[in-house]
Amino acid sequence: MKKKILPCLLLILFMAVPIYSQNYSVSVKVSTLGISLEGLRSFGEQINARIGMTYFLINIDGGGGTEDYLYNGNLKLLTLFTLMDWYLFKSNFRITSGLFFNLNEGDLILRPNGSHILGGIIYTPEMLGEISTKVKVNLLTPYLGFGLGNRSISEGFDFTMDVGVIYQGTPKVNLSAKGLLAPSAEQESLVEHNTKWFKFYPIISFGIIYNF
Amino acid sequence: MKKCLIISLFFLSSAISIYFVLSCEMTSPVDNVKVIFNAASIKTTIAVDIVDAKTQEQIGIYTNQLTELSIEGPGKNYVVDISGKSQNKFKTNYGILCFALDNSITPTTENPIELILLAKSDGYLPVSYPLTISSEGGISVLIYIVNLNNLPQGVSSKTINIGRTDNSGKVTSPVEIATDPEFISRVTASMYVPVGTTIKDAYGEVLNGNLTASITYFSNRSDESTKCFPTGNFIVKVNEGKDIISNGIFYTGGFVNFNIIDESGRSAKNFDSSITLNMQIPNGTYNPDTKNNIIAGDIVPIWSYDETKGIWNFEKKLIIASPNAIGNYPLNFSSNHISNWNIDWFTTQTPQNIRKIRNTVRERDRIILELEKNQGTFLLRANINQNISPYLLMFKMINSSQYFYSSGYINEYRSFMNNALVPCEEPITIEVWEGCPFRITGTIQLLNICGLNEIIIPTNETNFGGNEKNIQITVSGYCSQDTTILIRPNVPIWINDGCRWKYSGLMENGKISFANLKEGNLYTFGIWYDNNFYKESYIIQKTSYNYKFLFPAELCK
C-alpha cells in the first residue's frame, strides 16, 4: 500500500490540469538533509507543489593513538519528497507540508585499539572483537514547516528557504557485537530508549530557485 | 506593514520551532551504555570448600579464620588463579576458594593433571589432598579438616609439651604420648620416642628447643571420622614397594596422625633411631581379604603418607594379635619416621571393573544415574534439567561402613566432575544428601554397582513444592579506573539457601541459572576472588537479577 502512495502523489502533482496560471521552477538548496534538488509547479497564486530529493554521505574514521578505540562510521542521508506550499496573505510566507520517503541511516563500527590486560590474561583486539551499530528511521515520514520564497511570479532567480520538521519516529537501533564484546549488544534497547527523543528531524534549508 | 508582518510571522514560527525542538529531553545515545565483554573463558576451574568436619561449615565463613591452600604435585605449574594469573598459594577467610588450570593444558583420562592440595589453618590438622583432574569443566572439591579443639565423632586427639632437646637436638627425656580412648570404638593410639633420639624435619633440619607432640586417631567406625581421611578419600594412589605405583581403594582399619613440632615450627619427619608406634583396630572391622570381620591372625598392611607426592607408601604387613580387654586389636611396630599412618587393605581397581556415571538426571522424586563401562577413572558428570538445589552423592561401603564420596555437588546445567571409585562386587549404599538442613533424602543399596546400566535412587520430595521460580543472575565486574567497562566473569558460584554455603556451579560469561528456587525465600549468592567473597542476597520475586561488583585493584593493574 505504502509503495503506491508516492507514485500517485507525483502523478497528481504534475498532471497538466490548468486551473490558474502555472509556472515551473527548479531549485538547488543546502539543507540539514544535505544537498537538495527539487522541481516545482505552481497552481495559482497560493499553491505550489514540489518534488525533490536530498542526498548527503559522510564517512568518518577515527580513534587510535592514545584513544581506546578505533571507529569507522557512515552517515547516509537520502530522501525523496513531495511537498505542498500554501501562501498566506498573498505574501512570500508559506506553510509547507508533505511526505518524505526517508532512506536515512547511519552505522558505526567500534574496535578496541590495542591489547588490554586483566588479571593474567592478555585480551587482544582480535579476541575482543567489535561493536557495530546501525540506526534507521521510518521509511515514510510526514513534513510540516514554513518558509519564504518559491513564489513563481516572475521569471528568473530568487531566494528560498524552509524551516520545518519531519516526524521520523523513534530511531530503530540495531546493535551487534562480535568476539568477547558480544554482550555489549544486549544494550540495544537502552540505546533505542536514549534516542527516543529524536522523533523529529529539523529541516532548515536555503537555496536559490529559478522560475521559468 | 505587510513586509513587517511576514518577517514577524517567519521569526515567530522559527522561534516556536526551535523551542519545540529544544524542549525535547535530549539524552546522549550512549547515556548509561557500557562496553561489556566476556572474560576469556577458563576451561577448567576448581572450586574448593574447606569444611570443618565437625560443624560441616566452611572454615572462617562466619569467623573469618584464615586458611591457606598451597598446591603442589606434578601439575602445579599449570595452576592459575581464576583470572589466569599463575599462582600456587591461596588464602581464604571463608573456607571457600577457587583456582583454575591454564588453558594451554587439556586434562584427559589418558593425561590427567595431578595436584596435591595442602590445606592448613590454625587449630586444625593440616590436610594433604591429592586431586586428579581428567577432563575440562567445573570441578568441585570438598576437603574435610579436623578442628583439634572441636573434634568430629570418631576422632580423638592429644597434644602435650614434651620438654626441650639438648644443644645437639637430642631428646633429653623419653617421650610417651597416648590419646584418650576414642568415644565410639574405645581405641587408643600412642607413640614412644626413646631418650637421646635426634629428630629431623623433611628437609633434614634438626628439631631444637621446646618440643610439642600430638597424636590424632581416626576411627573407621564413624562417618564424620572417615570423611577426614588424610587424602580426602579412600580412592588412593599407593607405592606398593620398589616404586610400583598403583591406583585403587583402601578398606580402612583406621588411621593415625603422629606429629612433633619444635618451637620454630619445624615438623618431625625422621628419627635417627627407632620409635615405637601403637595403633589399634576396632572390633568389627571388615577385612576384604577374608570377606569377614577381622580376627586374630589376619594380616593387615600398614601405610604411611607422603604429603608432598600424595602417595601412600607401603611400610609393612602385620599379623593381628589377640584382642585387648575391650575387644580391639592392638598393633605395635617400630619406625624411624612419622606422618599419617594407616591400617588399610588395598585393592587395585582395573578399568574393567570400574563404571562411569555418564549422566545424572534429577527428577522430582528420584535421581537417575546413567552408567557406562569406562576405560579409566570413574567419573561423575551431571546434566540435570530439573534440579532444585545442589546435592551430594555419597557411596558408602555397607560392610566396612566407610564412605566413598563424590567430593562435590551436582548441580543443574553445569557439568560436574570428580573421581569417585567404587569397587565392583561389594555391597554399597548410595546416599543423596541435600536440603536445609543438609540431610539424606534418598538411599539405595546395591550388591554390585558394576552389574547395572542405570541406577534409580528414590528421593523424598521435601525440597519441592510451593511457588518456585527459575532465575538467571547476571554478574559484571568493573575496575575503579573506568566504570564504563564491564567484564562478565567465568567463575564458580556458591549459593546459601539460608542453611549453608554450597558450591553451585560455574558461571559462564557472567550468567548462571538456578532452577526451582522458592519464591519469597532469601538466597545469597557468592563468588570468590583473591580472598574476597562477593556476596549478594535476593528475596526471590522475579526471574532475573543483575549484580555489579568492583574488581580488586590488583586485577585491574
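The values are calculated or read from the model by the stated rules, or taken from the named source; none is laboratory data. Remember, it's a predicted structure, so these values are computed and weren't measured experimentally. When we count neighbours, we look across all protein chains shown, and the Cβ atoms used for this are built from the backbone with ideal geometry, even at glycine.
Below are the figures for this structure:
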{"item": "Filter result for the condition that a residue is surrounded by fewer than 23 Cβ atoms within 10 Å (Cβ to Cβ) and among the basic types (Lys, Arg), over B:Lys200, B:Lys227", "result": "B:Lys200"}
{"item": "Of all residues in the stretch A:166-187 being at the interface with chain B (Cβ under 7 Å from one of its Cβ atoms) and hydrophobic (A, V, I, L, M, F, W, C), the one that is farthest from A:Thr124 (Cα to Cα)", "result": "A:Ala182"}
{"item": "Failed condition for B:Glu519, given (1) surrounded by 19 or more Cβ atoms within 10 Å (Cβ to Cβ); (2) more than 14 Å from every other protein chain (Cβ to nearest Cβ)", "result": "(1)"}
{"item": "All positions within the stretch B:86-115 that are in a loop (DSSP other than H, G, I, E, B), of a type in the set (D, E, K, R) and buried (at least 16 other Cβ atoms within 10 Å of the Cβ)", "result": "B:Asp102"}
{"item": "Selection from the stretch B:56-66 of residues that are in contact (Cβ under 8 Å) with a residue 60 or more places away in the chain and either among the hydroxyl-bearing types (Ser, Thr, Tyr) or within 9 Å of B:Gly95 (Cα to Cα) (or both)", "result": "B:Glu57, B:Gln58, B:Ile59, B:Gly60, B:Ile61"}
{"item": "Strands (runs of 3 or more DSSP E) (entirely within the stretch A:131-211) containing at least 2 residues that are closer than 25 Å to A:Tyr71 by Cα, of a type in the set (D, E, K, R) and out of contact with any helix residue (DSSP H, G or I) (no Cβ under 7 Å at 6 or more places or on another chain)", "result": "A:131-136"}
{"item": "The lone exception for B:Ile46 - which of (1) buried (at least 18 other Cβ atoms within 10 Å of the Cβ); (2) at pLDDT below 90; (3) within 18 Å of B:Leu142 (Cα to Cα) it fails", "result": "(2)"}
{"item": "Residue match in the stretch A:141-148 (condition: over 20 Å from A:Lys29 (Cβ atoms), within 22 Å of the chain's Cα centre (by Cα) and away from chain B (no Cβ under 14 Å))", "result": "no"}
{"item": "Spans of strands (runs of 3 or more DSSP E) in the stretch B:163-268 with at least 1 residues closer than 30 Å to B:Asp289 by Cβ and among the aliphatic types (A, V, I, L, M)", "result": "B:175-178, B:190-193, B:210-218, B:235-239, B:245-262"}
{"item": "Condition met for A:Asn194 (at the interface with another protein chain (Cβ under 7 Å from one of its Cβ atoms) and not β-branched (Val, Ile, Thr))", "result": "yes"}
{"item": "The stretch A:70-85 - residue that is surrounded by fewer than 17 Cβ atoms within 10 Å (Cβ to Cβ) and either aliphatic (A, V, I, L, M) or within 13 Å of chain B (Cβ to nearest Cβ) (or both) and, of those, farthest from A:Lys29 (Cα to Cα)", "result": "A:Gly73"}
{"item": "Condition met for B:Gly297 (of a type in the set (Gly, Ala, Ser) and assigned to a loop (DSSP other than H, G, I, E, B))", "result": "yes"}
{"item": "Test result for A:Gly98, among the small types (Gly, Ala, Ser), touching a residue at least 60 places away in the same chain (Cβ under 8 Å) and more than 9 Å from every other protein chain (Cβ to nearest Cβ)", "result": "no"}
{"item": "Residue that is surrounded by fewer than 19 Cβ atoms within 10 Å (Cβ to Cβ) and in contact with a Phe, Trp or Tyr (Cβ under 7 Å, 6 or more places away or on another chain), where the choices are A:Lys199, A:Lys172", "result": "A:Lys199"}
{"item": "Residue within the stretch A:151-158 that is over 30 Å from B:Val80 (Cβ atoms) and under 17 Å from the mean Cα position of the chain (by Cα) present", "result": "no"}
{"item": "Condition met for A:Gly106 (over 30 Å from B:Val491 (Cα atoms), away from every other protein chain (no Cβ under 14 Å) and either surrounded by fewer than 18 Cβ atoms within 10 Å (Cβ to Cβ) or of a type in the set (Gly, Ala, Ser) (or both))", "result": "no"}
{"item": "Test: residue in the stretch A:46-57 that is out of contact with any Gly (no Cβ under 8 Å at 6 or more places or on another chain), outside any strand (DSSP E or B) and exposed (fewer than 15 other Cβ atoms within 10 Å of the Cβ)", "result": "no"}
{"item": "Residue tally, condition part of a loop (DSSP other than H, G, I, E, B) and away from chain A (no Cβ under 14 Å), over the stretch B:30-67", "result": "13"}
{"item": "Hey, A:Asn150 modelled with pLDDT under 90 and crowded, with 21+ Cβ neighbours inside 10 Å or not", "result": "yes"}
{"item": "The stretch B:429-454: number of residues that are crowded, with 19+ Cβ neighbours inside 10 Å and either at pLDDT below 75 or not in a strand (DSSP E or B) (or both)", "result": "2"}
{"item": "Which numbered condition A:Tyr71 misses (of (1) closer than 30 Å to B:Cys479 by Cα; (2) out of contact with any Asp or Glu (no Cβ under 8 Å at 6 or more places or on another chain))", "result": "(2)"}
{"item": "Residue ID - surrounded by the fewest Cβ atoms within 10 Å (Cβ to Cβ), chosen from residues in the stretch A:116-130 that are assigned to a helix (DSSP H, G or I) and more than 7 Å from every other protein chain (Cβ to nearest Cβ)", "result": "A:Glu126"}
{"item": "The listed residue being in contact with a Gly (Cβ under 9 Å, 6 or more places away or on another chain) and not charged (D, E, K, R), out of B:Thr212, B:Thr231", "result": "B:Thr231"}
{"item": "Condition check for B:Ile320: crowded, with 18+ Cβ neighbours inside 10 Å and at pLDDT below 90", "result": "no"}
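Listed here are the residues, each with its yes/no results for (1) in contact with a Gly (Cβ under 8 Å, 6 or more places away or on another chain); (2) over 21 Å from B:Thr165 (Cα atoms).
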position	(1), (2)
B:Gly196	no, no
B:Tyr203	no, no
B:Phe255	no, yes
B:Phe271	no, no
B:Gln280	yes, yes
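Residues checked against (1) touching a Ser or Thr at 6+ places or on another chain (Cβ under 8 Å); (2) surrounded by 15 or more Cβ atoms within 10 Å (Cβ to Cβ); (3) closer than 18 Å to A:Glu45 by Cα; (4) in contact (Cβ under 8 Å) with a residue 24 or more places away in the chain:
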residue	(1), (2), (3), (4)
A:Pro142	yes, no, no, yes
A:Thr160	yes, yes, yes, yes
A:Val165	yes, yes, no, yes
A:Gln168	yes, yes, no, yes
